[in-house]
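Down below is the structure, laid out as structure tokens.
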Amino acid sequence: MRERTTPVFVYGTLIFGPVLDRVLTRRPEMCRAAAPGFAARKMPGATYPGMVAVDQSVAGGVLLLELTEVELSLLDDYEGPPYRREIIAVVDDLGRVVEAFADLVDDVEVTDQPWTSREFFESHLDDFLVALDAASLSGP
């Protein structure tokens with residue numbers, strides 16, 4: 001039996017199944033979700049985003065459900081600095097407000113440019129997966 005954990009709201013690279021496959025070695029149960037009062041922004045020199053508090057914004061993403069403590073640890077290892085896990089209120093695909101973990105960054109870590117999953121998918125996902133595979137082969 002799986003231990004229950006707080007759901008995790010993801011908004012960047014982890015919304016893509018192939019990335020989850022590499023980080024968690026499985027695709028957990030998930031649903032679409034949104035984080036009112038937050039925005040995913042481009043980070044300088046990176047293809048992945050950081051999420052910051054922004055009034056009158058909504059960050060779209062996915063809620064990962066029923067993760068184990070080991071999987072939460074894997075997500076922490078994947079994210080690393082400058083991300084910090086906080087509990088925020090998100091709205092799931094049924095309109096329910098849910099408390100979830102989310103990895104946030106400070107305003108100084110991001111640009112004013114929005115990060116979009118479409119641009120990442122079309123322009124960066126393939127190279128990102130190659131880099132993830134290379135990193136897993138080289139070890140910790």
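The numbers here are math on the coordinates, done by the rules we state, and not lab data. All values derive from a computational prediction rather than experimental measurement. Virtual Cβ from ideal backbone geometry, glycine too; neighbours counted across all protein chains shown.
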Problem - Part-to-part distance (alpha-carbon centres) for segment 6-62 and segment 63-140, which is given in Å - result: 5
Practice task
Only Cα pairs under 8 Å and at least 6 apart count here; give the relative contact order of the chain as a rounded whole percent.
Solution key: 31
Handout entry: Selection of trypsin sites (Lys or Arg not before Pro), segment 16-124, meeting DSSP coil and at most 16 other Cβ within 10 Å
Key = 26, 96
Practice task
Taking every Cα atom in segment 8-129, find the radius of gyration and the maximum pairwise distance Dmax, and write them in Å.
Solution key: 13.4, 36
